[in-house]
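Comments concern the structure below.
The values are calculated or read from the model by the stated rules, or taken from the named source; none is laboratory data. It should be emphasised that the depicted structure is a prediction, and the values quoted were computed from it without experimental measurement. A quick note on method: Cβ atoms are made from the backbone with ideal geometry, for glycine too, and the neighbour counts reach across all protein chains shown. Surface areas here come from the heavy atoms of the whole protein model, side chains and all, with no ligands, DNA or RNA. Shrake-Rupley method; radii C 1.70, N 1.55, O 1.52, S 1.80 Å.
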Amino acid sequence: MSRSSCHLFLFLLLFSLFPFPLLARPFVLVLSQDDLKDVQNDDASPLDSDSSWDDDDFGGTHVKPDDELDPGSWRRLFEPPTTLLSPSHDTSLDSYYAAVHKIISASNNGDSRLMEEAAAEIENAANTDGDPHARSVLGFLYGMGMMRERNKAKAFLNHYFAAEGGNAQSKMALAYTYSRQDMHEKAVKLYAELAEIAVNSFLISKDSPVIEPIRIHNGAEENKEALKKSRGEDDEDFQILEYQAQKGNAGAMYKMGLFYYFGLRGLRRDHTKALMWFLKAVDKGEPRSLELLGEIYARGAGVERNYTKALEWLSLASEHGLYSAYNGMGYLHVKGYGVEKNYTKAKEYFDKAADNEDAGGHYNLGVMYLKGIGVKRDVKIACKCFIVAANAGQPKAFYQLAKMFHTGVGLKKNLPMATALYKLVAERGPWSSLSRWALESYLKGDMGKAFLLYSRMAELGYEIAQSNAAWILDKYGERSMCMGESGVCTDAERHQRAHSLWWQASEQGNEHAALLIGDAYYYGRGTVRDYDRAAEAYMHAKSQSNAQAMFNLGYMHEHGQGLPFDLHLAKRYYDQALELDPAAKLPVTLALASLWVRKNYADSFLVDIIDSLPEVYPRVEEWVENVIMEEGNATILTLFVCLLTVLYLRERQRRHAIAAAGAHEPNEHVVPAAR
């Protein structure tokens, strides 16, 4: 892309991809002029020779069922079909699903005998029959150390052969493994394939809502507010909404249809119910349902596919000012579905959507210019359109930018960036249903089942699942029904597994996880006490501007634990902690008081008293049990004593100064000057 034109559309793309930014930082993509490539719009572009650009980049209505997109998925066990299977259905996977069902039951009940039986059946199917889906589960068992010795090499091999056999979840696990090792050339190929599957399931007109996995905790406590909104039909707010819809409220009818169509608020997707509510809403004059009805008929979701009806509904929606409907209308004209193929008219519809600031319109125009469909091919304009769409949060635009970074078309080749963007899109694929099933299990109190499902999802690289699984281990202990190498996890196995999960989450930007890793090393919880590694973990959290990490680093500098003894650096970290979080005022004030004592009375017994307090603390722990509940409060107690000491010493200094001044004061009165 020429430098003279790049200033027209140089943007900062800020993609907030986590619902709790204090726990995991937003993904930030910054495009500079160096990323924008000088491109000639001729035929000698990698676009023509790279098969990855031959797909239907507009998305598609010919979407395969989730079971075909995610073969070997556990969906059959958690969302059994509502109709009886025909006698001719494929029975080759029946034994596989029977073994997986045993694994789920054993995890939920802590039945080690049943788990061993199921693991043996899975191993036999994998090694004897070569079943790729059994290999995928066997890789999971080796990776987690469940009824098998934890062995990363065997886990990798089983996932590799499972992926070769078409198992999508093993492809996710492999891609994540490669990306952790910075093997981007291998990771990017797998993530590109998986992201394509995800993109083709997106809607053709409006943007699909981003259904993020729910974080079941907010650090130290359960995330009750988010969980309350995820109880599906048991949620009181949902029941009120349903009552309003039944009484004829059009807006409530539309929301009911939306919840069932996308599976929001903990509901199971039900296209039949969604269609019913959308039709009722339209009868009551609710225009937003028109566009979704167009989507339903274009996809054949709960009804027989009918492109003519789809176009009618989308046209009505556009007449009511729903500009995103123009995208669906343009798509039907590009593909020639229900109408004659007409690129000129398609572009007109996409232009209308874009002119009304619809991100999908910019995206679709980008595809037309990128591939030269109905327009002269212009990669510069295409790149501009994708950046605008991505800046507005259009997920398909992330995918196109990933392909540009991957292939070097429009943007300079950057495999790490391509890998990261592909991963974001791939995580919205059908395998993300694991999160919904895990949450349902958690809300029912089935901790073993929830932990198993979050662990499976964690292996695929989902940071929230890694965090949730680790939190269940720490919070519920034996109730997590964690399965180890020879039965229910020992305390050591549970701590080791939680440590591993927190560490993976911290690598992906979860600062709370980095803090917990630091605490584990600092206090020797589940591992050998190691101040050096604790400092390393706190540094990782500090790099994400975490106030608690900065306070901890200041304390370690003050005491020379894992870091050089340096009171100046300690003060700097304490000050930074206060700048980031005003709530840290009390502990920072106490810490600064401790520093003052050390600086002014370095060789006195006062420093010895301060340093001895953490060791004295366990002896009086029972006495203060109802006041001091955590190990970290021993430090607060120490610093509080420091503050009292400082106040006493400063008062003594003040009195000495007054006495000294009185001894030298002249014996005469000073008369104030007249005004």
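Here are a few things to note about the model shown:
- The modelled label-to-label distance between D566 and D234, using points 7 Å beyond Cα along the C-beta direction, is 5.3 nm.
- When you filter the chymotrypsin sites (Phe, Trp or Tyr not before Pro) in the range 246-288 for DSSP loop state and at most 11 other Cβ atoms inside 10 Å of their Cβ, nothing is left.
- Computed with every protein chain present, the accessible area of E221 is close to 120 Å² [probe 1.4 Å].
- Positive-pole candidate from L473, F565, A498, dipole of the range 432-583, charges at beta carbon: L473
- Distance (nanometres) between label positions extended 7 Å along Cα→Cβ at R525 and L114: 3.2 nm
- Only protein heavy atoms count here; under a 1.4 Å probe, V282 has an accessible surface of about 40 Å².
- Cut-off under 5 Å, modelled amide H: who pairs with M483 long-range: C489
- By accessible area with a 1.4 Å probe, ligands and nucleic acids excluded, highest first: order of H320, H540: H320, H540
- Links that overshoot a 19 Å alpha carbon limit, given the list K345/K396; K345/K380; K102/K229; K229/K444; K224/K475; K384/K412: K345/K396; K345/K380; K102/K229
- Each Lys and Arg contributes +1 and each Asp and Glu -1, all at the Cβ; summed about the Cα centre of the range 219-430, the dipole is approximately 1040 debye.
- Dipole of the range 252-352 [Lys/Arg +1, Asp/Glu -1 at C-beta], most positive-end residue of Y261, G285, N342: Y261
- With the simple model of a label 7 Å out from the Cα in the direction of the Cβ, N127 to K224 spans 5.0 nm.
- Stretchable slack from K413 to R305, in nm (0.36 nm times residue separation minus alpha-carbon distance): 34.9 nm
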